[in-house]
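Data block below; observations after.
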Amino acid sequence: MTKKVVCQNSNVRLQTISEVAKSLNVEQYVLRFWEEKFPQINPIKRRGRR
C-alpha cells in the first residue's frame, strides 16, 4: 500500500526536474525513466508540463 503525500504548505517552492536531477547528481532522463517505471513516483505537473 502506498501513501500519496501532498504538501499543504503553500510557501513550499516546487522544484523543476533539472533542479532535482542536479541535487541528486543524476541526469534528467534517469528521473523520467523512474517516473515511468515506478508508479509511486508521481510528480506534480502544472500547465505547460512544468
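The values are calculated or read from the model by the stated rules, or taken from the named source; none is laboratory data. Given the structure is predicted, the values throughout are model-derived calculations rather than measurements. Positions of Cβ are generated from backbone atoms using ideal geometry, with glycine treated the same way; all protein chains shown enter the neighbour counts.
What residue, of Leu14, Leu31, is surrounded by 10 or more Cβ atoms within 10 Å (Cβ to Cβ) and modelled with pLDDT under 90?
Only one candidate qualifies: Leu14.
Which of the residues that make up segment 17-28 are surrounded by fewer than 13 Cβ atoms within 10 Å (Cβ to Cβ) and of a type outside the set (A, V, I, L, M)?
Ser18, Glu19, Ser23, Asn25, Glu27 - these are the residues of segment 17-28 that are surrounded by fewer than 13 Cβ atoms within 10 Å (Cβ to Cβ) and of a type outside the set (A, V, I, L, M).
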